[in-house]
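S.K.: One structure, pasted below without further comment.
The values are calculated or read from the model by the stated rules, or taken from the named source; none is laboratory data. Because the structure is predicted, anything quoted here is derived from the model rather than measured. Cβ sites come from the backbone with ideal geometry, for glycine too, and all protein chains shown count toward neighbours. We work out accessible area using only protein heavy atoms, side chains counted, and drop any ligands, DNA or RNA first. Shrake-Rupley method; radii C 1.70, N 1.55, O 1.52, S 1.80 Å.
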Amino acid sequence: MAIKLNINGKVLTADVDPDTPLLWVLRDTLGIVGPKYGCGVGQCGACTVHLDGQPIRSCQAPVSAIGAARVTTIEGIGATPNGQKVQAAWSELDVAQCGYCQPGQIMSATALLNSNPKPSDADIDAAMSGNICRCATYTRIRAAIKRASGQPVEA
Ligand code: FES
Ligand code: FES
């Protein structure tokens, strides 16, 4: 079935089973491979994208449920003001280690700043708790979110 999707500001069509999770459609059908497959069951956050600005686990969202909502992936988040700040802070503080979880981390961090421009450590820990990093970059992630929000970063 041909399904139209608004992804990173472009309308794309995918001819897929309507039950297919969005993550598979992005990666396997449309070649948008920034969102990563980690657990496939909504537990790791590697597949996080935004749906009308809200973070969702794309491995858990049937493509038929997306409708006309705007999907933003890591490929498009740099075109948003907070996405740009988060990506710059990530680069300045050299957050990534292997990098696998980082697209999902950046999507969750950007959504946090969209709803809370000056998050505390507790706010950050709560918002980021669903994004798992096997390389344990959590301290640098927290520092980069502080930097992106214009707050002092502890050395
Ligand atoms: S792959 Fe979607 S939450 Fe882990
Ligand atoms: S940087 Fe390696 S999994 Fe997070």
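S.K.: Sequence-distant or interchain residues sharing an amide H contact under 5 Å with Thr48, placed H: which?
M.R.: For Thr48, whose amide H was placed from the backbone, the distant partners under 5 Å are Lys36, Ser58, Gly104.
S.K.: Right, another one. Taking the Cβ of Ile56 as the centre, find all other residues whose Cβ is under 15 Å away and add up their charges (Lys, Arg: +1; Asp, Glu: -1).
M.R.: Working: positive: Lys36, Arg57, Arg70; negative: Asp52.
After counting each charged neighbour, the total is +2.
S.K.: Would you tally the net charge around Thr20, using a Cβ to Cβ cut-off of less than 14 Å, leaving Thr20 out, and scoring K and R as +1, D and E as -1?
M.R.: Numbers: positive: Arg27; negative: Asp15, Asp17, Asp19, Asp28.
Result for the neighbourhood of Thr20: -3.
S.K.: Rounded to the nearest whole Å², what accessible area per residue is found for the chain with the 1.4 Å probe?
M.R.: Working: 7650 Å² over 155 residues.
Normalised by residue count, the accessible surface of the chain is 49 Å².
S.K.: With a 1.4 Å probe and all protein chains kept in place, how do Asp123, Asp19 rank by accessible area, largest first?
M.R.: Listed by decreasing accessible area, they come as Asp19, Asp123.
S.K.: Let me ask something else. State which entries of Lys10/Lys146; Lys36/Lys85; Lys36/Lys118; Lys10/Lys36; Lys4/Lys36 exceed 25 angstrom in Cα-Cα distance in the structure shown. Walk me through the numbers on the way to the answer.
M.R.: Values: Lys10/Lys146 31 Å; Lys36/Lys85 22 Å; Lys36/Lys118 28 Å; Lys10/Lys36 20 Å; Lys4/Lys36 22 Å.
Beyond 25 Å between Cα atoms: Lys10/Lys146; Lys36/Lys118.
S.K.: Run the simple label-point estimate for Ala136 and Ala69 please: 7 Å along Cα→C-beta, distance reported in nm.
M.R.: For Ala136 paired with Ala69, the spin-label model returns 3.5 nm.
S.K.: How much length is gained on full extension from Asp28 to Ala126, taking 0.36 nm per residue of separation minus their Cα-Cα distance?
M.R.: Details: separation 98, 0.36 × 98 = 35.28 nm, distance 3.15 nm.
Going from the current span to full extension adds 32.1 nm.
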